[in-house]
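Heads up, the thing below is written out as structure tokens.
The values are calculated or read from the model by the stated rules, or taken from the named source; none is laboratory data. Source: prediction; values computed, not measured. Please note: Cβ atoms are built from the backbone with ideal geometry, for glycine as well, and neighbour counts cover all protein chains shown. Accessible surface is based on the protein model in full, side chains and every heavy atom, while ligands, DNA and RNA are left aside. Shrake-Rupley method; radii C 1.70, N 1.55, O 1.52, S 1.80 Å.
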Amino acid sequence: MERRNFVKSVGLITAAAYISPMVLGNDQVTVKASGIEGTPSAEFPKLPYAYNALEPYIDARTMEIHYDKHHRAYYTNFMNAIKGTPLEGMTMAAVFASVSKQPDAVRNNGGGYYNHLFFWNNLITGSAGPSPEFSSAITKAFGSVDKLKEAFNTAAKTRFGSGWAWLYLNTEQNLAVGSTPNQDNPLMDSSLVKGTPLLTLDVWEHAYYLKYQNKRADYIDAFWNVVNWEEVNKRYQQALKG
Ligand code: MN3
């Protein structure tokens, strides 16, 4: 390789590595309703924090690939799948409510788009934990906050292959935990686990393999350090109101 080209490539790599965390270095965590509660975002939604914000529990490299490659692909493929169809302009909840009648591209990519957006927004550092009010609701349902974590961890560990673990408000308005395969979620009419999602964890290998390799249990344990309890509580209050 000519020296000039070599220097140019190295320069580009260095610049990219340096710039990428800066571009998304927005420490303000804001949750946009669009995409989660409403219709899909007109543009691929920004990550609400820098790639390294959740270190050491979730590493920057995993976050970058997970967000910029995996999540972006689901978003793009979903938008293409609904383009020019009656699903365009519908809320995600409405799309999921009859997803069993839609092509797999809608179910898989719509779920992938929504679940990741939901997941990013239920992560943060320095959360104070569940509010006293939410804690007592958790205690009523599971026995204690630790018992909820145990039940959630079991759901996350025992999901065979790829999928998601959920804390959700079931159709009887009770707090419950469960898991879904692939990119399914509790809003889907086809899901065995049905209700309003409150908290989720991605247990696909791409979510943890770079840092934790085959040790899914370690990744699940680390997750509890970065749960955004304020956000979970907010969703719980909204779900109770229906
Ligand atoms: Mn994922």
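With the cut-off at 22 Å, report for region 62-162 the share of all Cα pairs above it, as a whole percent.
Here the tail beyond 22 Å accounts for 50 percent of pairs.
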Worksheet item: Given a Förster distance of 30 angstrom, what is the FRET efficiency for residue 100 paired with residue 68, based on the Cβ-Cβ distance and rounded to 0.05?
Response: 0.45
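So for the chain, what percent of the C-alpha to C-alpha distances run longer than 24 Å? The partial results should precede the final answer.
Working: 13761 of 29161 pairs.
Value for the chain (Cα pairs over 24 Å): 47 percent.
Ordering 172, 231 by how much accessible area each has at a 1.4 Å probe, largest first, what is the list?
Details: 172 125, 231 15 Å².
Ranked list, largest accessible area first: 172, 231.
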Worksheet item: Where the only charges are on Cβ atoms (+1 Lys, Arg; -1 Asp, Glu), what is the dipole of region 22-117 about its Cα centre, to the nearest 20 debye?
Response: 300
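Under 8 Å for C-alpha pairs, at least 6 residues apart: give me the relative contact order for the chain, rounded to a whole percent. Can you show the working numbers first?
Values: 351 pairs, mean separation 48.2, N = 242.
Reported relative contact order: 20 percent.
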Practice prompt. Compute the longest continuous run of the chain that contains no exposed trypsin sites (Lys or Arg not before Pro); treat a site as exposed when its DSSP state is not H, G, I, E or B and it has at most 14 other Cβ atoms within 10 Å.
Written response: 84-214
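Work out the length of the dipole vector of the chain about its Cα centre, built from +1 on the beta-carbon of each Lys and Arg and -1 on the beta-carbon of each Asp and Glu, and round it to the nearest 20 debye. Each step should come with its number before you reach the end.
Values: 23 positive and 22 negative charges, 70 e Å.
Rounded to the nearest 20 debye, it is 340 debye.
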Worksheet item: Within the accessible area of the chain, what % is carbon and sulfur when the probe is 1.4 Å and the other protein chains stay in place?
Response: 54
Response to the item:
P(r) of region 22-117 over all Cα-Cα pairs, 5 Å bins starting at 0, rounded to whole percent, reads 2, 13, 23, 23, 16, 11, 8, 3, 0
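Suppose the chain between residue 76 and residue 170 were pulled fully straight at 0.36 nm per residue; how much longer would it get relative to their current alpha carbon spacing?
Details: separation 94, 0.36 × 94 = 33.84 nm, distance 3.02 nm.
Net length gain for the segment: 30.8 nm.
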Practice prompt. Based on a Kirkwood Rh over C-alpha pairs, give the Stokes-Einstein translational diffusion coefficient of region 130-183 at 10 °C and viscosity 1.306 mPa s in µm²/s.
Written response: 136
Worksheet item: Calculated from DSSP H runs of 4 or more alone, at -39500 (n - 2.57) each and per residue, what is the 222 nm mean residue ellipticity of the chain, nearest 500?
Response: -14000 deg cm²/dmol
Item to complete: Starting from the Cα of residue 131, step 7 Å toward the Cβ, then list every residue of region 207-242 with an amide N under 18 Å from that point.
Response: 227-242
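Before I look further, what does region 22-117 give for accessible area per residue, probe 1.4 Å, in whole square angstrom?
Accessible area per residue, region 22-117: 50 Å².
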